[in-house]
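For reference, the structure discussed in these notes is given below.
The values are calculated or read from the model by the stated rules, or taken from the named source; none is laboratory data. It should be emphasised that the depicted structure is a prediction, and the values quoted were computed from it without experimental measurement. All Cβ positions, glycine included, derive from the backbone under ideal geometry; neighbour counts span all protein chains shown. The area values use the complete protein model at the heavy-atom level, side chains included, leaving out ligands, DNA and RNA. Shrake-Rupley method; radii C 1.70, N 1.55, O 1.52, S 1.80 Å.
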Amino acid sequence: MASSFHIYGHRGSSGTHPENTLLSFQAAHKAGAHGIELDVQLTKDLIPVVIHDERVDRTTNGVGLVKDFLYKDLVRLDAGQTFSSRFQGTSIPSLKSVLEWLASTSLVLNIELKNAIFPYEHLESRVLDLLTHYQLCDRTIISSFNHYSIQRLAQRSSKVETAILLMEKLVEPWDYLRHVGASSIHIEREVIDDHLMTNTQKRGIPVRAFTVNEPHHIHALKTAGCSAIFTDFPSVAIRSK
């Protein structure tokens, strides 16, 4: 999975389409992205849904926390209108519906578990069950800022690659990674340095950078040895890599 430089559509093609919607993922696929990145939370009735914020306010015409909505009410919200009126009527997808579509492609998938603020007790098991059902474990990476969650996943399943998310420099992150039991690092572009890249490459640890939209940054990260980047504009990234 990490042998060549990959382009992941960050929340799909979120620079051109409403983020974390099926339309956005399909646009990233059409642009030639190697994979897509998406965010997962649970509804009140424990359905895994694809949305980034803990609240629905920014990306939909609704108000409130994702975890307080029943699935049937959440899917009635408009997740396209706030991006552009031409996407009016686009709904928040269930993870199930995205996996169903993704299974017919060759895309690699990165699922970010949005469980750093609300722990979502059943999130890991619900996601793993769906990945197993659609036989997508071998081309999925699960990441989170909640490293306890990643540790639990790493202990539970060896079939899915796990990654820790980082926003800052960590002392010897390769040792910390081993402690957590994860196998790769997803890290904010600006904190990547030579020390990190030299030591992770030496140990065969994939490093994937987010969120990278400028062609010169893409080129620099590829040269530095990053395995992949996450971008809001996969069509631009594909052309410039």
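Summary of values
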item: Region 178-207: number of residues that are part of a helix (DSSP H, G or I) and not polar (S, T, N, Q); result: 11
item: Residues within region 34-53 that are open to solvent by 10 Å² or more (accessible area, probe 1.4 Å) and aliphatic (A, V, I, L, M), tallied; result: 2
item: Residues of region 33-51 that turn out to be closer than 23 Å to Ile7 by Cβ and either without any contact (Cβ under 8 Å) to a residue 40 or more places away in the chain or small (Gly, Ala, Ser) (or both), as a count; result: 2
item: Residues (open to solvent by 20 Å² or more (accessible area, probe 1.4 Å), in a helix (DSSP H, G or I), touching a strand residue (DSSP E or B) at 6+ places or on another chain (Cβ under 9 Å) and more than 19 Å from Gly12 (Cα to Cα)) located in region 54-101; result: Lys67, Tyr71
item: Candidate set from region 219-235 (those that are in contact with a helix residue (DSSP H, G or I) (Cβ under 8 Å, 6 or more places away or on another chain) and in contact (Cβ under 8 Å) with a residue 60 or more places away in the chain); member that is surrounded by the fewest Cβ atoms within 10 Å (Cβ to Cβ); result: Ser235
item: Looking only at region 5-33, and only at residues there that are outside any loop (DSSP other than H, G, I, E, B) and in contact with a Phe, Trp or Tyr (Cβ under 6 Å, 6 or more places away or on another chain), the one that is least open to solvent (accessible area, probe 1.4 Å); result: Tyr8
item: Near pairs, Cβ below 9 angstrom, 6+ apart or cross-chain, from region 156-170 (within 9 Å of Ser144 (Cβ to Cβ)) to any residue that is of a type in the set (Phe, Trp, Tyr) and buried (at least 16 other Cβ atoms within 10 Å of the Cβ); result: Ile164/Phe145; Leu165/Phe145; Leu165/Phe210
item: Test result for Ser158, out of contact with any helix residue (DSSP H, G or I) (no Cβ under 6 Å at 6 or more places or on another chain), of a type in the set (Ser, Thr, Tyr), surrounded by 21 or more Cβ atoms within 10 Å (Cβ to Cβ) and under 26 Å from Met197 (Cα atoms); result: no
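Here's the yes/no breakdown for (1) in contact with a Ser or Thr (Cβ under 7 Å, 6 or more places away or on another chain); (2) under 23 Å from His17 (Cβ atoms); (3) at pLDDT 95 or above:
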{"site": "Ser91", "(1), (2), (3)": "no, yes, yes"}
{"site": "Leu95", "(1), (2), (3)": "no, yes, yes"}
{"site": "Thr105", "(1), (2), (3)": "no, yes, yes"}
{"site": "Glu112", "(1), (2), (3)": "yes, yes, yes"}
{"site": "Leu131", "(1), (2), (3)": "yes, no, yes"}
{"site": "Gln151", "(1), (2), (3)": "no, no, yes"}
{"site": "Ser158", "(1), (2), (3)": "no, no, no"}
{"site": "Leu170", "(1), (2), (3)": "no, no, yes"}
